[in-house]
Amino acid sequence: MRELVARFLSQSISRRTFLKGMTTAGISLTAAKDILESLVPAAHAQAKEGAAFKVVEGSGAMCFAEQLIASGVRYVFGNSASEDAQFYEALVDRPQLKYILTPHEGPGAAMAAGYVKASGEPTIVMQAAVVGLVNAMGQMFNAYKEQTPLVFYSYRTDQSGRAGRDGFEEVANQEQIVQPMTKYAWLARRADMIPETVRRAFKAAWTPPHGPTYCSWHSDFNDQHVRAEVVMQEKVDPRMRVRPNPAEVERAAKLLVEAKLPLMIVGDEVYTAKAMAKAVKLAELLGMPVTQMRQIYANFPETHPLWVGTPPAARLVSLDYPKNPDVILNVGNKLQHNSPNPMIARGAKFIDMRIDSLSMGNVIEVDVPLVADVAMGLDDLTAAVSQLVTPALKQRAAARADEAHKFHDKARELRDLVMKNPDWERAPMLADRVTREVAEFADRDAIIVHEAGSVALHGFDFNPDGGRELFFYYGAHLGSGVGTAAGVKLARPKRQVICLVGDGSFVFGPTALWNMARLELPVITVVYNNHAYSGPHSRVIEKVPGGRMVQTGHFFHDYLGSPDMDMASIAKGFGVQGEVAHSPAELRDALARARRASVEGKPYLIDAQVARVGVAWADKPWIPPAQT
Amino acid sequence: MKLPLAMITALLLSQPALAQRKPAAAVGFPDAPGKDVLLTKCFQCHSPNMWTDQRQDRRSWESTLYRMIGRGALWTPDEIRQMADYLGNVYGRKQ
């Protein structure tokens, strides 16, 4: 009996095994249950203290749950799967693992990714076999492109004794499906190998550069009774916080000090390394203007006088200022290229500081590579530059800072001209008007989740160091916005979270609204609803100018308004209050109601009616006949 | 080999050093006040394909230009006025 108690307290055996052992030893079931209930608080307390290693015994799924706890997981996101029965059983006595049921694997994975991004904590997404996995793979792709450390699991439905018979929900080599978009994909060969497979998945995902991983095993392994070793994450984490090569740091410092007009590009590694203040410090030391190519986060305070904005055309040459920088320092930007032209024109000296060495030098030639955790890299580079500072350099830096400051102020004034649009008061609204109304409304430290791909944000003055934060995307598997916002709110419950999403993106992934309602996550969702795919509309015309589509107005691919979709009604269907706003005045009133709902812990959705603008939009767009 | 206007412009714009100059292949853009401003400001991001199909009055062009501010263009009110005048004149609504 004492052994049974000890094993239960060390979480080596399950609740069921404990009761079975007690009754076998002659204790009545009622008495055994009473003893069990008295032990639960002590068992939880011991689990909190956490040992580095422990041996657990029970179902394979129970070992899985134990390894998740040891890997630091708090939330598990999943969709229902009968083959995971033993895992759900294990959850009953492990309140430290909180299971979040998501009605669709795609938005569920987006929610998990949002949680990871906003909390910096590990989590896992579970799907039912290959059928659930393929639903989640869109968000797996996003996690791969955006380097999000998200772990995925799904079992193989074929059982070990029956594999290869083309059974129900069976596909051969399931784990290989995800290989091109994961850092690690592995099939555990035995039930007792589940924990080590899981902890490798967490180790690989969370070792920089981050990325998604996948683990799998035959479903009957979940049911097998095994004895396995569980290891805490800290015992497998390589703690890859790398300092840059000192010789390269010296070269970079020399280039920057001698530069006439240096420019800093920031990227997401600055945000994930929490190095915003360090980037500011180096920029100020050199009087160096700062910009950012497209990333997920805003990585530099946009109100800082050295901030010169983002290039409008995804190439540095389209920046109004500075023109022709002679030394460019990239800090943590992946520089994803969507056109054959390099973002950074050849000619300037290029210093590339990133932990992601794999993509370094892919398109743009590098004069000084600084493979590093950017927080450490910025520290070292700032120290090296400080050693070289002379009175003359200080004077040059001050002059550059003054020039950048003047541009910053002028650009800010010019950006506000967007409100001088002669159609500013129109209804349906300009997308810019919706954006400005939300920017006026948002809390000073609001988090903006942005999946309105054709909408450019302005007026928010993002500041990742204590002000408003941005969670954008560039993975571009649509339908991530609502789920991401739910995950961000779960991770940061005290911050206002506003989800901006296009109507096209929204209908790819609204099911996370249900999670907002169920978990009382008061996210405010604003749908820019122009009843169309406006991005593809414009790009098609650019590719086929003056073609038959333009001549006839027969666009097959872009209009969603017939029959129309009522986003507020969709929200109500998921238990979220919503309303339609047609005009700026209605939008302001709706935002006020959304704020009141937030105070009560309720999510809210605003279906903002937005005008279709641009080339060749008819008032009543043509749609293909229903029947020919 | 005869290249269409769009391709010529795209090729020119693909050369970063040339991208800041006025494109030489601005065929289809008749001389009129405001043309120089338009070619300098808009071709940084666009090929002309987007707008050679567009016909709208001056006010609508003005609205279009202000929307570009929202997408990152930094233009003064006077530059917007000149471009709107030009576009309203050359690419105005068809009679």
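The values are calculated or read from the model by the stated rules, or taken from the named source; none is laboratory data. Please read all numbers here as calculations on a predicted model, not as lab measurements. In this analysis, Cβ positions are derived from the backbone assuming ideal geometry, glycine residues included, and neighbour counts consider all displayed protein chains.
Of all residues in segment B:42-78, those being charged (D, E, K, R) and in contact with a Leu (Cβ under 9 Å, 6 or more places away or on another chain) number 3.
What tally of residues in segment B:50-95 results from selecting those that are assigned to a helix (DSSP H, G or I) and without any contact (Cβ under 8 Å) to a residue 60 or more places away in the chain?
First, pick out the residues of segment B:50-95 that are assigned to a helix (DSSP H, G or I): B:50-52, B:58-70, B:77-90.
Right, trim to without any contact (Cβ under 8 Å) to a residue 60 or more places away in the chain and you get B:50-52, B:58-70, B:77-89.
Result for segment B:50-95: 29.
Among B:Thr76, B:Thr52, which is the only one that is surrounded by fewer than 20 Cβ atoms within 10 Å (Cβ to Cβ), over 18 Å from A:Arg412 (Cβ atoms) and facing another protein chain (nearest Cβ under 8 Å)? Steps first, answer last, please.
On the way: B:Thr76 fails: over 18 Å from A:Arg412 (Cβ atoms).
Only one candidate passes the filter, namely B:Thr52.
Taking the stated definitions as given, is A:His531 at pLDDT below 95, closer than 24 Å to B:Arg71 by Cβ and touching an Asp or Glu at 6+ places or on another chain (Cβ under 8 Å)? Before you say what the answer is, go through the steps one by one.
Numbers: at pLDDT below 95: no; closer than 24 Å to B:Arg71 by Cβ: yes; touching an Asp or Glu at 6+ places or on another chain (Cβ under 8 Å): yes.
Taking the combined requirement at face value, the residue does not satisfy it.
Consider segment A:254-269 and keep the residues that are among the hydrophobic types (A, V, I, L, M, F, W, C) and surrounded by fewer than 23 Cβ atoms within 10 Å (Cβ to Cβ). The one that is farthest from A:Asp380 (Cα to Cα) is A:Leu261. All conditions but one from (1) over 23 Å from the mean Cα position of the chain (by Cα); (2) within 17 Å of A:Gln127 (Cβ to Cβ); (3) at pLDDT 95 or above apply to A:Arg156; the one that does not is (3). Restricting A:Val449, A:Val434, A:Val488 to those that are under 18 Å from A:Glu146 (Cβ atoms), in a helix (DSSP H, G or I) and among the β-branched types (Val, Ile, Thr) reduces the list to A:Val488. Residues that are closer than 28 Å to A:Asn142 by Cα and surrounded by fewer than 20 Cβ atoms within 10 Å (Cβ to Cβ) were ranked within segment A:278-312; the one that is nearest to the other protein chains (Cβ to nearest Cβ) is A:Pro312. Exactly one residue out of A:Glu66, A:Glu37 is among the charged types (D, E, K, R), buried (at least 24 other Cβ atoms within 10 Å of the Cβ) and assigned to a helix (DSSP H, G or I), and it is A:Glu66.
Residues A:Pro603, A:Pro621: which one is within 20 Å of A:Ala442 (Cβ to Cβ), in contact (Cβ under 8 Å) with a residue 60 or more places away in the chain and either small (Gly, Ala, Ser) or touching an Asp or Glu at 6+ places or on another chain (Cβ under 9 Å) (or both)? If you could, list the steps in order and put the result at the bottom.
Details: A:Pro621 fails: within 20 Å of A:Ala442 (Cβ to Cβ).
Matching residue, one of A:Pro603, A:Pro621: A:Pro603.
On inspection, A:Asp237 qualifies as of a type in the set (Asp, Glu) and at pLDDT below 95. Scanning segment A:230-247 for residues that are part of a helix (DSSP H, G or I) and either surrounded by 15 or more Cβ atoms within 10 Å (Cβ to Cβ) or touching a Lys or Arg at 6+ places or on another chain (Cβ under 8 Å) (or both) gives a single hit, A:Gln233.
Only a single criterion out of (1) aromatic (Phe, Trp, Tyr); (2) free of Cβ contacts under 8 Å to residues at least 40 places away in the same chain; (3) over 20 Å from A:Glu451 (Cα atoms) is not satisfied by A:Phe555, namely (2).
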